[in-house]
Structures are given as C-alpha cells and as structure tokens.
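> Have a look at this one.
Please treat every number below as a calculation from the coordinates, not as lab data. Quick caveat: nothing in here was measured; it's all calculated off a predicted structure. Heads up, the Cβs are rebuilt from the backbone with ideal geometry, glycines too, and the neighbour counts pull from every protein chain shown.
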Amino acid sequence: MYRPIRFVPDDTKIPFMRYSRAGFIGSVIAILVAIALFLSLGLNYGIDFQGGTLIEIRTEQPANLGDLRSRLSSLGLGDFELQEFGAPTDVLIRLKTAEGGEEMQQQQIAEVRQALGEDIDYRRIEVVGPKVSGELTRDGVIAVVLSMIAVLIYIWFRFEWQFSVGTIASLLHDVFVTIGVLTILRYEFNLASIAALLTIVGYSLNDTVVVFDRIRENLRKYKQMSLSDLIDLSLNQTLPRTLMTSVSTLLALFALYFFGGEVLRSFTFTMIFGIFIGTYSSIFISAPVLIYFGARIGQPAGPHKAEADAEQSPAAP
C-alpha cells in the first residue's frame with residue numbers, strides 16, 4: 001500500500017511560543033554581532049563592487065602560488081591577490097583598478113600573460129572599472145531597500161499593520177544575519193550574492209505569508225483561544241508544508257554547492273544559509289511579533305475584516 005513520505009507527524013503540538021523569547025533575544029544578539037562584524041571586517045567584495053581585473057587560470061601541474069606571486073611581483077602592478085580554489089591547478093588572480101583607464105588594464109593583462117608563460121590556460125578574464133563598480137554597489141543597495149518597502153506595503157494591505165511589522169522584522173533579520181555569516185567566512189560578495197539575498201527575501205516572505213494566512217483563518221475560527229496558543233496551533237498546522245518546501249529546495253542547492261563549481265559556491269552557500277535562517281525567522285521572529293504588538297484575538301485581518309464587520313453590524317430596521 002502506498003504511503004506518502006512524511007518529515008513531520010500529523011497533529012504535532014510543539015510549543016513554539018514557549019521558546020519565542022529566547023529565540024527573539026538570540027536573534028537580536030546575532031543581528032548586533034553581524035552589524036559589528038560588517039563594520040569592523042567588511043565584506044569580501046568581488047570585482048563587481050571593487051573594480052579591477054579578475055583572471056582565472058588553470059596550470060598543467062598543481063599551482064605553485066609562490067612562483068606565481070614572484071612572477072607577478074616583478075611586473076610592478078601594485079597590490080594583487082592570488083587565490084587557489086577548486087582543483088589544485090585552478091587559481092584566481094585579482095588586480096586592482098589601474099590608473100589610465102581601460103587601455104592600461106588591457107596592458108596589465110598582456111603583461112600578466114607574458115610573465116606567466118605559454119603553459120597557462122586562461123579560463124576567464126573580467127575587467128570592471130571603478131565607475132561601473134560604484135553604480136553596481138548603488139543599484140544593489142537600492143534593489144534590496146525597494147524590495148523591503150514593497151513587502152511592507154503588500155503585507156500591510158493584505159493583513160494588518162502588526163503582520164507587516166512582523167514580516168519586515170523577519171526579513172531584516174534574515175538579511176543582516178546572512179551578511180554577518182558571509183563576513184565571517186569571507187565568501188566573495190558579488191552581484192550573484194545580491195541576487196541570492198533577494199531570493200532569500202522572496203522565499204522568507206512566501207513562508208511567512210503561508211503562516212500568516214493560517215493565523216488569520218484561526219483568528220476567526222478560535223475566538224476564545226489565547227493568541228500564543230493560536231499561533232502555536234497555526235505553526236504546527238503549517239509545519240509539514242514548511243519543512244517539505246525547505247528540504248526539497250535544499251536538495252537542489254546542495255547539489256549546486258558541491259558540483260556547481262567555484263563560480264557558484266558563494267551564491268549557493270548564501271541560498272542554503274538563507275533557507276535555514278528564513279525557516280527559523282518565520283517561526284521565531286515574525287509570529288511572536290504579533291504578540292508583542294498586540295494583534296487582536298477574534299479580530300479578522302486583511303480583506304476579511306470588512307466582510308466580518310458587515311456581518312456583525314445590526315441590520316437596519
């Protein structure tokens with residue numbers, strides 16, 4: 001007989017709100033630590049935001065970084081970075097933006113090619129000027145901020161203002177903590193990382209809206225139940241869907257992380273961590289905010305509010 005796979009048993013009764021205060025305090029501490037790390041260490045910005053030249057090479061034998069560094073130092077190119085990644089034969093070379101514009105950068109690339117010799121496979125060469133990198137930085141910040149504002153407006157109209165505050169608190173938590181982890185691990189932060197952050201915002205929003213929809217339904221159905229018990233009930237009812245979505249998404253992301261190559265490593269790690277933190281925040285951040293900001297038990301929210309008010313109002317004689 002066919003039996004569906006269940007990650008969570010039916011009718012769970014996990015008292016999430018009993019641990020919400022500890023989770024909330026832990027999240028506030030994590031956000032403060034993430035901000036402190038960002039201000040003190042900063043992100044490991046990729047060429048998209050720093051500008052300069054990125055050269056990806058592959059050697060025939062395992063790369064000798066000391067020899068490569070010695071050859072490049074003799075060119076007088078200023079500060080540069082060498083990073084071994086993936087296979088022992090793969091190396092990334094980062095050169096800072098050269099004074100003199102694109103012509104000077106092309107000259108730098110030619111000098112590097114000449115210094116490294118003929119036995120090198122040049123797999124990728126990217127050049128980004130300082131003006132372009134500045135525009136990309138500005139546009140990336142604007143994209144994240146505008147997405148937050150759009151979410152705030154959407155949730156406010158669909159539900160009530162308490163739900164909107166809970167959603168924004170959850171999304172800010174996800175973004176700040178993810179940036180803090182990227183700062184610690186020194187993963188390269190580039191345009192793909194911005195795309196990952198926006199995807200995390202969308203994923204966390206979707207999960208939060210599913211939970212809020214169930215809370216809204218239960219607010220009308222269980223008018224005598226305490227708000228904390230009602231939120232626990234709603235979270236347990238949506239838990240199988242939440243975990244099934246997270247697990248299926250993580251299976252694809254882990255495959256990309258281990259087999260997608262170094263170019264996708266930063267993006268997929270950001271997504272993987274974002275799925276974990278987004279699932280956590282929809283339970284321990286967005287839902288408890290409804291209690292702290294006084295969502296009213298028995299009061300319908302969102303588009304059902306006008307309908308309920310009409311039902312409760314006395315008929316005209």
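> Among 165, 201, 210, which comes first, then next, by fewest other beta-carbon atoms within 10 Å? Walk me through the intermediate numbers first.
On the way: 165 19, 201 23, 210 16.
Placing the least packed residue first, the sequence is 210, 165, 201.
> How many nm is it between the label spots at residue 149 and residue 22, if each spot is 7 Å from the Cα in line with the beta carbon?
Spacing of the two 7 Å Cα→Cβ label points: 4.0 nm.
> By how many nm would the segment from residue 241 to residue 32 grow when fully extended, if each residue of separation counts as 0.36 nm and the alpha-carbon distance is taken off?
Working: separation 209, 0.36 × 209 = 75.24 nm, distance 3.12 nm.
Gain in length upon complete extension: 72.1 nm.
> Can you tell me the equivalent ellipsoid semi-axes for the stretch 147-306? Use √(5λ) from the Cα gyration tensor, largest first, whole Å.
Details: eigenvalues 206, 49, 29 Å².
They are 32, 16, 12 Å, listed from largest to smallest.
> Continuing with this model, one more query. So for each of 178-189, 53-64 I average, over its residues, the number of other beta carbons within 10 Å; can you give me the resulting order with the highest mean first? Let's see the in-between values first.
Values: 178-189: 19.0, 53-64: 16.4.
Result, highest mean Cβ count within 10 Å first: 178-189, 53-64.
> How high is the FRET efficiency from residue 125 to residue 104, r the C-beta distance, R0 22 Å, rounded to 0.05? Walk me through the intermediate numbers first.
Values: r = 15 Å, r/R0 = 0.68.
E between residue 125 and residue 104, to the nearest 0.05, is 0.90.
> How big is the stretch 141-197 by Rg and Dmax over its Cα atoms, in Å?
13.2, 39
> What is the Cα radius of gyration of the stretch 52-128 over 2.2 N^0.38 Å, N being its residue count?
Working: Rg = 11.7 Å, N = 77, 2.2 N^0.38 = 11.5 Å.
Compared with the compact-globule rule of thumb, the stretch 52-128 sits at 1.02.
> For the pair residue 293 and residue 255, how long in nm is the line joining their label points, each one 7 Å along Cα→Cβ?
With each label placed 7 Å out from Cα toward Cβ, I get 3.9 nm.
> Output the relative contact order of the stretch 52-128, whole-number percent, from Cα pairs under 8 angstrom with separation of 6+ residues.
Details: 114 pairs, mean separation 38.8, N = 77.
After rounding, I find 50 percent.
> Evaluate the relative contact order of the stretch 161-258 (contact order divided by residue number), counting alpha-carbon pairs under 8 angstrom at least 6 apart; express in whole percent. Write out the running numbers ahead of the final one.
Details: 27 pairs, mean separation 24.1, N = 98.
Relative contact order here is 25 percent.
> Once both labels are modelled 7 Å past Cα along the beta-carbon direction, what's the residue 191-residue 89 spacing in nm?
The answer from the label model is 3.0 nm.
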